[in-house]
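The block underneath contains the structure these notes are about, expressed in structure tokens.
The values are calculated or read from the model by the stated rules, or taken from the named source; none is laboratory data. These numbers come from a predicted model, not from an experiment. FYI the Cβ positions are ideal-geometry reconstructions off the backbone, even for glycines, and counts take in every protein chain you see.
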Amino acid sequence: MAVKGISFSEVKEKAISNHEVKKAYEDETQEEALRAVLIEMKSKSGLTSTEIAARMGVSQPAVSRLERNVSSASISTLQRYAAACGMQLKLSLG
């Protein structure tokens, strides 16, 4: 008997129809987008995590934790990270 394959988009569509799964997916998507913003800031600034940490007045491991777990960061911390990179954090609702 042949096994019928299921495409990822079919699996995703079925999973997203569950409200809890959809919420978790959206939360993770937002976190990844914010993480990408931090990576872009760091890249454009040309600074290392150690240099950003020094400018923020925190340890390098604290900056690494922020970059890995951005969802728990306060807006104030994100603003300090942006300032350390020579940028401004702008938030928008949409």
Could you check residue 86 against (1) surrounded by fewer than 16 Cβ atoms within 10 Å (Cβ to Cβ); (2) touching a residue at least 12 places away in the same chain (Cβ under 8 Å); (3) small (Gly, Ala, Ser); (4) part of a helix (DSSP H, G or I) and say which number it fails? (4)
Please work out which one of (1) assigned to a loop (DSSP other than H, G, I, E, B); (2) in contact (Cβ under 8 Å) with a residue 40 or more places away in the chain; (3) not charged (D, E, K, R) is the condition residue 81 fails and give its number. (1)
Select from the stretch 37-73 the residues that are at pLDDT 95 or above and not in a helix (DSSP H, G or I) and list them in ascending order. 46, 47, 48, 57, 58, 59
Number of the exception - residue 76 against (1) in a helix (DSSP H, G or I); (2) surrounded by 10 or more Cβ atoms within 10 Å (Cβ to Cβ); (3) not charged (D, E, K, R): (2)
Of the residues 58, 70, only one is touching a Leu at 6+ places or on another chain (Cβ under 7 Å) and without any contact (Cβ under 8 Å) to a residue 40 or more places away in the chain; which? 70
Looking only at the stretch 1-34, and only at residues there that are loosely packed, with under 11 Cβ neighbours inside 10 Å, in a helix (DSSP H, G or I) and of a type in the set (A, V, I, L, M), the one that is modelled with the highest pLDDT: 33
